[in-house]
């Protein structure tokens, strides 16, 4: 080995001044301390979503709409695969709308989940800024209730919506979560019932009660979403969800605890694959998913309306109060409620159509009897009679109480 | 050993006075500036605000305010907790530790093979093969395991075909599936640092060991293993921390009895929007990891880790 002279690193170390650990910490500590203090001051509170003066702010909606002018542009935020599309991704319904009204539509599939989308838009709405969209689609649930309660949605001018009045199904004209449909118009409805894999169960499963059967041990899937889980459990114990009391909630949790040994997993997604692959035999399920599984070559997956009833949810079009082109949004909303346009969309989307007249259009003009005659797309009156609306949360505390009751079931 | 060749050493210049000295003295601070700013802005401030958020009370509707609510920790981890977070923490640590051990058992021989048993020109292709899985999205890789391990997937069909397992046998939803997913996803994080550590060992040391009548086993235990200790420690840092906090494998491959603290933090923050609870859970997870890794470092030593990082 040669001496230290050959090693430049060692030489540098021997000759140059270095920071001692103490000096380094002192230097970092001085700047870090100042920065940390400012962070501390900035982080002392997180503003909430509630608007203090929203009740006081009374808006004359006739006046509000009278001042709005047609802009010729519509920014539309929707969920993925939720409108008719050809192979190139063009939508005929939107093209027809542009031809008829002269309004160009910027259609964006940006909504992945209610909670995350709400988390994205609520700070902007609170600051009274545009969220970049004139029309959004939200499921009835806590987030939609918040949007309405905080006064963040424009009240619809039904005088400008003749098609909606004439063609909408009765089940969507009077929603429990938005009395009088003042802020929302249904885009699609869907059912949450039970799906089972006939090959594996060896016979039909017709009720929630059957899920308790020991032969399904470790073969049952339920939803991890507290709202879906809790409402299904309320049905299982024979309680109408919309009028359920906290004592009823308790009964529902007791039922879920009984069910727990049979549950393989609480799903937010992926239950469709699990059903097809046989990882689970029977599961809480959305009707549209089951329709698509059947159409995708899995006729053994069946959807049933349980004897105790099934839940019915609605995805709603609504207009944020800060929308830049609200009149264009309202024009589309009404245009959608024609049998032709609703029919074109429904023939692709396959959930439940809010316009009963579209059935005839799909059957004759579009010539697609599979969709037109499917009870999952155009449900019978009997099915609708067995369908229930979700419990509507009264306020945040109510929502929190619900969560604290059903969440421990999912997280165990 | 030769004597030190004094003629080749240039002596340091005499200490400078005044401004020149000041400039000299300040250089190390400037060098540390970028790194310190990075650590302060992206690490220290978030850490402090996380601690503060965990001590707030309120809700997402009315807003949160700082009330120094230390009770939240006892409430979440005490015997009367609604949701057994302590159980989730224990489960996360167990999964992480098991997955880490598996990656060492699989990764060490692999790194050893690449470092010592292949020709130089094969080393880069083989290391690329170790990392090639990173070219595919983490979620998709994990989701493919759902298909492979499913009740009608190839693995179970094969085992059924051989009558090795009963009709009720399943892999998905078990702890084994989650741990397997964690180990699979993080294997490269163990192989690479161990490879780097092994690669630096002078092969002449093995020859010397053999010349001194050391059996191959003794040579490995007395030289190779201690010299690659820093690589193992770096690997453990990367794999263990990553696995303990991971929500994705438990979400996709697990069932209702494999719920981990990472999943709990995600659900509490995104779905329930209880920011204080999410912050408290994160803090506890971080402290637990810190204690474990510090204890490990004290017991097994990390004397030469600075060679690597």
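Every number in this text was worked out from the coordinates using simple rules, so none of it is lab data. Just so you know, these numbers come straight off a predicted model, no measurement behind them. Cβ atoms come from the backbone with ideal geometry, glycine included; neighbour counts cover every protein chain shown.
Mind pulling the angle between the C-alpha long axis of helix A:396-410 and the longest principal axis of chain A? Nearest 10 degrees, somewhere in 0 to 90.
Here the helix axis deviates by roughly 90 degrees.
Hey, got the average number of other protein chain Cβ atoms within 10 angstrom for residues in B:53-62?
Shielding by partners across B:53-62 averages 5.
Return one number: the angle in degrees, 0 to 90 and rounded to the nearest 10, between the long axis of the Cα atoms of helix A:21-42 and the longest principal axis of the Cα atoms of chain A.
With both axes taken from Cα atoms, the answer is about 30 degrees.
Chain A: percent of C-alpha pairs farther apart than 27 Å?
Summing the P(r) of chain A above 27 Å gives 59 percent of all pairs.
Evaluate region B:64-112: find the radius of gyration of its Cα atoms, find its Kirkwood radius, and give the ratio Rg to Rh.
Result for region B:64-112 is an Rg/Rh of 1.32.
In square nanometres, what is the average projected area of the Cα convex hull of region A:309-412?
9.9
In terms of the ratio Rg/(2.2 N^0.38 Å) built on C-alpha atoms, what value belongs to chain B?
Relative to the rule-of-thumb radius for its length, chain B sits at 1.31.
Taking every DSSP beta bridge with both residues inside chain A, roughly what % is antiparallel (nearest 5)?
Among the beta bridges of chain A, antiparallel pairing accounts for roughly 60 percent.
Taking other Cβ within 10 Å of each residue's Cβ, how do B:223, A:67 sort, fewest first?
Fewest-to-most ranking of B:223, A:67: A:67, B:223.
Between residue B:155 and residue B:133, what is the spin-label point distance in nm, taking each point 7 Å from the Cα along the Cα→C-beta axis?
1.2
Taking a quarter of the surface of the Cα convex hull of the protein assembly as shown, what do you get in nm²?
Hull-based average projected area comes out at 43.3 nm².
Considering every Cα-Cα pair within region A:89-208, what fraction, in whole percent, is farther apart than 17 Å?
Value for region A:89-208 (Cα pairs over 17 Å): 70 percent.
Going by how many other Cβ atoms sit within 10 Å of their own, how do A:332, A:187 line up, fewest first?
A:332, A:187
Let me know the shape class of region A:171-269, please: from the alpha-carbon gyration tensor, a ≥ b ≥ c as square roots of the eigenvalues, rounded when a/c is under 1.5, otherwise prolate if a/b is greater than b/c, or oblate.
Judged from the Cα gyration tensor, region A:171-269 comes out prolate (a/c at least 1.5, a/b above b/c).
Relative contact order for chain A using alpha-carbon pairs under 8 Å, separation at least 6, rounded to a whole percent?
Value for chain A: 23 percent.
Calculate the FRET efficiency for residue B:298 and residue A:269 from the Cβ-Cβ distance with a Förster distance of 41 Å, rounded to the nearest 0.05.
The calculated FRET efficiency here is 0.40.
Per residue and in Å³, how big is the convex hull formed by the alpha-carbon atoms of region A:208-262?
In region A:208-262, the Cα convex hull volume per residue is 65 Å³.
Quick one: order B:30, A:390 by neighbouring beta-carbon count within 10 Å, fewest to most.
By the 10 Å Cβ count, ascending, the order reads B:30, A:390.
What is the average number of partner chain Cβ atoms found within 10 Å of a Cβ in B:164-175?
Rounded to a whole number, the mean comes out at 2.
For a distance above 13 Å, tell me the whole-number percent of Cα pairs in region B:162-217 that qualify.
Everything past 13 Å amounts to 75 percent.
Let me have the relative contact order for chain B, percent, based on Cα pairs under 8 Å that are six or more residues apart.
About 25 percent, as a whole number.
Can you compute the FRET efficiency between residue A:247 and residue A:119 using 1/(1 + (r/R0)^6), with r the Cβ-Cβ distance and R0 = 22 Å? Round to the nearest 0.05.
Efficiency, from the Cβ-Cβ distance: 0.10.
Calculated FRET efficiency, residue A:200 and residue A:384, Cβ-Cβ r, R0 35 Å, to nearest 0.05?
0.75
Against the longest alpha carbon principal axis of chain A, how many degrees, from 0 to 90 and to the nearest 10, is the axis of helix A:339-349 turned?
Between helix and principal axis, roughly 50 degrees.
Over region B:197-253, consider all pairs of different Cα atoms and compute the Kirkwood hydrodynamic radius from their mean reciprocal separation; express it in Å, one decimal.
So the Kirkwood estimate lands at 13.6 Å.
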